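Written below as structure tokens is the structure these notes are about.
The values are calculated or read from the model by the stated rules, or taken from the named source; none is laboratory data. The shown structure was predicted, so the numbers you read here are calculated from the model rather than taken from an experiment. Quick reminder, even Gly has a Cβ in these numbers, built from the backbone with ideal geometry, and neighbours come from all protein chains shown. Please note that ligands, DNA and RNA were not included when accessible areas were found on the heavy atoms of the full protein model with its side chains. Shrake-Rupley method; radii C 1.70, N 1.55, O 1.52, S 1.80 Å.
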Amino acid sequence: MARASMDDMVVTVANEGLLASLGAAYLSPKELRTSIRNIQSKTHQPFQVNLQAPAPFPIVDNPSTIDSQSLHSQFESTLAQIKKELSFNKEMSEPKKLDYTFEDQLKVVLEEKIRIFSFTFGCPTKEQIESLQNNNTIVMGTVTSVEEAKFLESRGVDYIIAQGSESGGHRGTFLTNVPQGSEMLSTLALVPQIVDAVKIPVIATGGIYDGRGIHAALSLGASLASLGTIFLPCKESSANDLWKRALLDRTKNRPTVVTRAATGRHCRVIKNTLIEKISPVNSVLRPLPYHNAYMKDLYADAQKQGNDEYIPLLAGQGYRSLRNVPLEKYPNAGELAKWLISELQKPVKSKRLEF
Ligand SMILES: Cc1cc2nc3c(=O)[nH]c(=O)nc-3n(C[C@H](O)[C@H](O)[C@H](O)COP(=O)(O)O)c2cc1C
């Protein structure tokens, strides 16, 4: 989880024997190398480095010019309202282009001889995948449809990560638009279809919050279950405190939605005022990471004010299940990992029906 699962999370979870992931997408090559070496100095367990790979084909998602003009001015006036509400007076400047590429980050993964590499948003080239595998790296990639799973298999990846629509954070969809051209299959529907369609092992992700969810994923034919949102409130997570509190807030019952409004790419977030106001102009927002960068100072201000209505609250559909996870008792990722392992020993209970 980029910006949330960083060094501390990886070390703690890996030391409990689970496969942790360094959400490295927004790290420069230099930062990535530093993180990898820091983690390696604190654990001998394998861990994954996760990056955002470029989409193999361009995906067009532009409204007509007339629509675009009116939506742009709608965005500007909505932003002006939000700024007024937050008494935010700073100048918002056009974000700079990143001075590194996926290729630069991948070079570090190769040089540091990372055992497991995972990616989302697209796919490395066949040559890149082969050079990782020749370097003794296992390569796994995220998909949201059977077509994408077959595409990755044909490119030669080792494992498929099947991301159901319940998942928190960004959609990994890369062969179609999200959500217009994508059916957004749930984990329950997606995993068995992919298991039947490809020969390589499948990892299930999305909507898994306890032993029941893990057992369900394995019963569908997945070889592993991958959990995201559940780790966000932990002490080791780099999510900010306001976000952590929002995830556990029992006083509100906000739904989640998939929208570009928070970051510039389709992403499942808790629907707060920010999302309600910006979602109608989704199609004219700058793409990730530029919308995020453009809004950065405004989000930081809202955070300082303790106002969770104007910060991105990435979360999976099952985030309310966190209320049933004994996080007061297990606030650390290591203890949470132990709890998840203990959950697996428990038999799944269901009420018997009598006819
Ligand atoms: C805050 C957040 C950040 C995420 N960042 C990434 C990422 O950088 N790379 C990635 O492959 N998946 C990312 N994901 C998706 C997760 O890997 C996973 O698919 C998802 O969390 C599973 O669903 P769940 O949230 O219901 O557990 C992110 C998810 C969240 C909640």
(message) Of all residues being polar (S, T, N, Q) and farther than 25 Å from Q52 by Cα in segment 289-314, which is nearest to the ligand (Cβ to nearest atom)? Just the residue, please.
(response) Q303
(request) State whether the residues of segment 159-174 include one that is more than 18 Å from the chain's Cα centre (by Cα) and assigned to a loop (DSSP other than H, G, I, E, B). (result) no
(message) Take the conditions more than 16 Å from the ligand (Cβ to nearest atom) and either assigned to a helix (DSSP H, G or I) or surrounded by 18 or more Cβ atoms within 10 Å (Cβ to Cβ) (or both) and apply them to S77. Does it pass?
(response) yes
(request) Being modelled with pLDDT under 95 and in a loop (DSSP other than H, G, I, E, B) is the filter; apply it to segment 267-288 and report the residue that is surrounded by the fewest Cβ atoms within 10 Å (Cβ to Cβ). (result) P287
(request) Specify the residue that is farthest from A293 (Cα to Cα); the eligible residues are those in segment 247-266 that are among the basic types (K, R) and surrounded by 18 or more Cβ atoms within 10 Å (Cβ to Cβ). (result) R254
(request) Would you please list the contacts, defined by Cβ atoms under 8 Å and residues six or more apart or on different chains, that run from a residue in segment 149-162 that is closer than 13 Å to G122 by Cα to a residue that is among the acidic types (D, E)? (result) I160/E153
(request) Mind telling me which of the residues E343, E335, E328 ends up being surrounded by 12 or more Cβ atoms within 10 Å (Cβ to Cβ) and without any contact (Cβ under 8 Å) to a residue 60 or more places away in the chain? (result) E335
(request) Quick one: count up the residues across segment 290-322 that are more than 27 Å from V11 (Cβ to Cβ) and open to solvent by 50 Å² or more (accessible area, probe 1.4 Å). (result) 7
(request) Give segment 1-52 a look and list any residue that's more than 12 Å from the ligand (Cβ to nearest atom), of a type outside the set (G, A, S), open to solvent by less than 60 Å² (accessible area, probe 1.4 Å) and part of a helix (DSSP H, G or I), or say none. (result) D7, V10, V11, T12, V13, P29, L32, I36, N38, I39
(message) Out of the residues in segment 208-231 meeting the condition of being in a loop (DSSP other than H, G, I, E, B) and closer than 19 Å to P326 by Cα, tell me which one is farthest from the ligand (Cβ to nearest atom).
(response) D210
